[in-house]
Amino acid sequence: MRSFSGRICSPTSRVARGCAGPLVGSPEEASDVHGRDGLGDLEWDEPAVPEHPEHAVDLQRSLIEQGPLTIVAIGPLTNLALLVERYPGIDEQVERVVIMGGASFHGNVTAAAEFNIWFDPEAAERVFAARWPITLMPLDLTHQAVLNDDDLAERCRGLEILTEGFPTYGGMAGRDLEAIAQGLAEAVDHDYLRYRVRSVAYLGEALERAGVPVVVPCGGHAVFIDARAMLPHIDPLAYPGQALACALYAEGGVRSCEIGTVMFGLRPDGTEQPAPMDLVRLAIPRRTYTQSHIDYVIEVVRAVAEEADRLRGYRMSWEPSALRHFTARFEPAYGALLA
């Protein structure tokens, strides 16, 4: 850290050693994300700023007493928690605390938890309960950070490709990468593959017996219902696949995906023509559904099939400029969902 401070701070800056672990429990590291040195293992220069003899908590107190001070916390909040505990009332003397921590949408340690808060939640509780003004910069915001040092940005981009992937890929937390690795290991296990393919076939065969037109053989990840064959009274440009997908959701909350004219019907010149097929995909997530779930899906599809002749088509009320099947909006083409 001192080598990094030597790059961004003046020779009169002070760098002090703080707490080595959280208030409760053992410390957890994040070398898989930030490198062994905590700064991406980018081979920084030797430290230019000597280590201050005081503990970081005591140095903070000395600086606060010299005048208005804004504290910027870019790691776990253990030192700040000890500051308010060791020096009661000092939180009222701090101008502001800016914290890089927390997450509004997705974490980087668990699905919801961000490392700086997760590392020492007891410290975070004390810091947020203190009387100083706080500005919080969550993980979501740091993912939008911009570097104004071209050389540093290039080095970071190279490291990102090695550790997370190309910049446009988005990046993932270690938990997500571990889940992918586990999924890959299972996906090449022959026993699992037999179970997987048989589970999909169970759904497809049940729908075939009920007279629902499906694409055969079913494959290993989804059953595809032939919506155009099931709803021949709906013109392809009135999106029979979308009509069926909406009916399945309205009937029983079954989420599916239209694979047809909505997805493939738009031509480069802006005109529209029917896709070769109008299908509805019933994808089965890995290790998620039990047989009772699949039996429920079968019941919902049968119920919709019994009322198939009453279903009506849709028209698109709004569509984006690209990939319209993700966010387009629809309304009934004839004023009602059912005849």
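General observations
- For the stretch 192-332, convex hull volume per residue from C-alpha positions, Å³: 113 Å³
- Once the chain from Asp295 to Ala129 is taken as fully extended at 0.36 nm per residue, the excess over their C-alpha distance is 54.7 nm.
- Contact order relative to length of the chain, as percent, for alpha carbon pairs under 8 angstrom and 6 or more apart: 10 percent
- With neighbours defined as other Cβ atoms within 10 Å of a residue's Cβ, the residues Phe224, Phe128 order from fewest to most as Phe128, Phe224.
- Rg/Rh (Cα only; Kirkwood hydrodynamic radius) as it applies to the stretch 2-145: 0.95
- 0 to 90° range, to nearest 10: angle between helix 190-209 axis and the chain longest Cα axis: 40 degrees
- For the chain, fraction of C-alpha pairs farther apart than 30 Å, in %: 58 percent
- By the beta-carbon count within 10 Å of each Cβ, the least crowded to most crowded order of Val280, Val109, fewest first, is Val109, Val280.
- Arranged from fewest to most other beta-carbon atoms within 10 Å of their beta carbon, Phe105, Phe119 become Phe105, Phe119.
- The angle between the Cα long axis of helix 291-306 and the main principal axis of the chain comes to about 40°, on a 0 to 90 degree scale.
Taken together, the values in this text are just the output of simple stated rules run on the coordinates, not laboratory data. Owing to the predicted nature of the structure, the values given are computational and were not obtained by experimental measurement. Cβ: placed from backbone, ideal geometry, glycine included. Neighbour counts: every protein chain shown.
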